[in-house]
Amino acid sequence: MIDLIRNTTASAKNDILSGLTVALALVPEAVAFAFVAGVEPLVGLYAAFMVGLITSIFGGRPGMISGATGAMAVVMVALVAQHGVQYLFAAVVLTGLIQMLAGWLRLGKFIRMVPHPVMLGFVNGLAIVIFLAQLGQFKEVDANGVLTWMQGAELYWMLGLVALTMAIIHFLPKLTKAVPSSLVAIVVVTLLVIGLDIETRNVVDFVKDMTGKEDASIAGGFPVFSIPEVPFSLETLRIIFPYAIVLAAIGLIESLLTLRLIDEITETRGQGNRECFAQGLANTTNGFFGAMGGCAMIGQSMINVNSGGRGRLSGITAALALLAFILFASPLIEVIPLAALVGVMFIVVIGTFEWSSFRIMRKIPLWDALVLITVSVVTVLTDLAMAVFVGVILSALVFAWQSAKRVRVRRQEKNGKAYYTVSGPLFFGSTTHFAEQFSARTDLDEVYVDFADSRVWDHSGLEVIDALAVRYENAGKKLHLLHLSSDCQKLLTKAGAAVEVDTKRDPKYFVADDELA
């Protein structure tokens, strides 16, 4: 990624200023995601406040920002439309419990199984998603209530203010790094718009468009505790459980992948299992305080890290500042031009996208390039969880295919006996090729098969050895199986008599099979 990181050490000043910058960028995002989910703007704003605060205090990745996200909002909309917002709150409570269970079971470690091409595809796809989301700010509702692209002077002002914002963010650090350039850019562009009375859309215009209400505002009070008003029955559980599972998976995957990304940028290491538990605690709290669910936000996290936020104070500041906007400063926040926030997000897109992937595309294996592109496309077309699942499965199939081609069987005859030497892994992908190397009907009467350079990985490998023993027995031939591990010897059912035990030379490894579990 382009190196946009200005500060490498944590400090209270940097954390507070970067937290304020993030809070400003959270407002339109939270409102937009609330609209996607089909709930009131305050439901999204409260979610951003509570998820951001709780994960910053208890999470496993200082400097990472969490809040209401589009990846989870698109799942919620169907539940809200069919059963109402109270069922959403119940599902969010259950989502949090599932995520806390995942943290308690230490499932966060499985994020290591995500291959690097999948990680690159996730980053690139998410950068494209963030970019496409900002294009919606270049549209407006006309007199007929139809959303159309801006035209004329309004479009030119919007483009000019976006460019000015990006220029300030890029060039200010060359003069001073005392304050985050993103925060300065937002303040300068806002004062310029107010001072010159420039006609351009601001935050309150965006909220009005989202709600369809002329008196819409982000103002509100403190979140109020309430138990979701749903029947406590198995029928309710049947309705919310599928949504809770999907929301929990999406939230954890996006959070843990963002955690890994911030780890690489800051050259530090977060705690995945602790983050799982904190995300769950935050979502359970959300459900009891009338807020939608949330998870880590890569865009806001990048803004925070780019602005110098390294410690937990940055996330805490962002959450408390957002609450202050809701309670006291809504008139000030509502006049911020959307162009300033769009400019900040465009800088995030530039910093997030892995531009080096274009350079390495010709150097990496074809299958890795295919995985990278596939994950990026699926991220844009569907959602992050689906993209990661597709990427991991595709990578696993590629690995299995490549590993299957590594199995080799060499044959030689000596003193009227046939000797086979097996090398490479024996598992479900390589059993067919392995079996094709033997012909019991035409082979010599006595056959030795040496597995010293091979490893039996799974039950399919055991089955093909058993089947080989049966074929030679039916053909009236004598089969000797050499150098199988003690684990294999215990699990082989039909070939046990053919196994020759050599306690000194037999390898020691385990087979992925449930029989000895």
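The values are calculated or read from the model by the stated rules, or taken from the named source; none is laboratory data. Keep in mind that what you see is a predicted model, and the values were worked out from it rather than measured. All Cβ positions, glycine included, derive from the backbone under ideal geometry; neighbour counts span all protein chains shown. The protein model used for the area step is the full one, side chains on, heavy atoms only, and it has no ligands, DNA or RNA in it. Shrake-Rupley method; radii C 1.70, N 1.55, O 1.52, S 1.80 Å.
Of note:
- Being β-branched (Val, Ile, Thr) and in contact (Cβ under 8 Å) with a residue 12 or more places away in the chain is a condition met by at least one residue of the range 140-159.
- Of all residues in the range 439-476, those satisfying the criterion of being part of a strand (DSSP E or B) and not polar (S, T, N, Q) are GLU446, VAL447, TYR448, VAL449, ASP450, PHE451, ALA452, ASP453, ARG455, VAL456, ASP458.
- LEU327 being open to solvent by 30 Å² or more (accessible area, probe 1.4 Å), under 29 Å from LEU88 (Cβ atoms) and either of a type outside the set (Lys, Arg) or modelled with pLDDT under 85 (or both): yes
- Here GLY251 qualifies as touching a residue at least 12 places away in the same chain (Cβ under 8 Å) and in contact with a strand residue (DSSP E or B) (Cβ under 6 Å, 6 or more places away or on another chain).
This table checks each residue for (1) among the acidic types (Asp, Glu); (2) under 19 Å from the mean Cα position of the chain (by Cα).
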position	(1), (2)
SER357	no, yes
LYS363	no, no
ASP383	yes, yes
VAL398	no, no
SER403	no, no
ARG408	no, no
GLU413	yes, no
GLN437	no, no
ASP443	yes, no
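- Test: residue in the range 65-74 that is under 22 Å from ALA324 (Cβ atoms), hydrophobic (A, V, I, L, M, F, W, C) and open to solvent by 40 Å² or more (accessible area, probe 1.4 Å): no
- Neighbours by Cβ (under 7 Å, 6+ apart or cross-chain): first from the range 437-463, surrounded by fewer than 16 Cβ atoms within 10 Å (Cβ to Cβ); second β-branched (Val, Ile, Thr): GLN437/VAL409; ASP453/THR421; ASP453/VAL422
- Only a single criterion out of (1) hydrophobic (A, V, I, L, M, F, W, C); (2) farther than 30 Å from GLY195 by Cα; (3) open to solvent by less than 50 Å² (accessible area, probe 1.4 Å); (4) in contact (Cβ under 8 Å) with a residue 60 or more places away in the chain is not satisfied by LEU394, namely (4).
- The single residue among TYR509, TYR472 that is open to solvent by less than 20 Å² (accessible area, probe 1.4 Å), of a type in the set (Phe, Trp, Tyr) and at negative phi turns out to be TYR472.
- Filter pass, GLY60 being touching a strand residue (DSSP E or B) at 6+ places or on another chain (Cβ under 9 Å) and open to solvent by less than 30 Å² (accessible area, probe 1.4 Å): no
- Looking only at the range 311-324, residues that are touching a Pro at 6+ places or on another chain (Cβ under 9 Å) and crowded, with 24+ Cβ neighbours inside 10 Å come to 2 in all.
- Some residue of the range 423-430 being surrounded by fewer than 19 Cβ atoms within 10 Å (Cβ to Cβ) and without any contact (Cβ under 8 Å) to a residue 12 or more places away in the chain: no
- Scanning the range 226-267 for residues that are over 24 Å from TRP104 (Cβ atoms), of a type outside the set (A, V, I, L, M) and modelled with pLDDT under 90 yields GLU264, THR266, GLU267.
- Considering only residues in the range 477-506 that are of a type outside the set (Asp, Glu), surrounded by 16 or more Cβ atoms within 10 Å (Cβ to Cβ) and assigned to a loop (DSSP other than H, G, I, E, B), the one that is nearest to the chain's Cα centre (by Cα) turns out to be SER485.
- The range 76-103 residues that are closer than 16 Å to ALA47 by Cβ, paired with ones that are of a type in the set (S, T, N, Q) and in a helix (DSSP H, G or I) (beta carbon under 6 Å, 6 or more apart): VAL92/ASN283; VAL92/ASN286; VAL93/THR284; THR95/ASN283; GLY96/ASN283; GLY96/THR284; GLN99/GLN279
- For PHE428, the stated conditions do not hold, so it cannot be described as under 38 Å from the mean Cα position of the chain (by Cα) and assigned to a helix (DSSP H, G or I).
- When we screen LEU53, LEU42, LEU94, LEU101 for residues that are open to solvent by 20 Å² or more (accessible area, probe 1.4 Å), over 23 Å from MET386 (Cα atoms), out of contact with any Gly (no Cβ under 7 Å at 6 or more places or on another chain) and among the aliphatic types (A, V, I, L, M), the only hit is LEU53.
- Exclusive hit being open to solvent by less than 50 Å² (accessible area, probe 1.4 Å) and farther than 23 Å from GLY63 by Cβ, set VAL342, VAL305, VAL377, VAL348: VAL342
- Residue count for the range 351-370, restricted to those that are aromatic (Phe, Trp, Tyr) and surrounded by 18 or more Cβ atoms within 10 Å (Cβ to Cβ): 1.
- Scanning the range 330-339 for residues that are assigned to a helix (DSSP H, G or I) and crowded, with 18+ Cβ neighbours inside 10 Å yields SER330, ILE333, GLU334, LEU338, ALA339.
- Single unsatisfied condition, SER233 versus (1) in contact with a helix residue (DSSP H, G or I) (Cβ under 6 Å, 6 or more places away or on another chain); (2) surrounded by fewer than 24 Cβ atoms within 10 Å (Cβ to Cβ): (1)
- Segments classed as helices (runs of 4 or more DSSP H), wholly inside the range 210-314, with at least 3 members that are of a type in the set (D, E, K, R) and under 29 Å from LEU120 (Cα atoms): 234-266
- Subset of the range 119-145 that is of a type in the set (A, V, I, L, M, F, W, C), assigned to a helix (DSSP H, G or I) and open to solvent by 30 Å² or more (accessible area, probe 1.4 Å) - its residue that is farthest from VAL348 (Cα to Cα): LEU135
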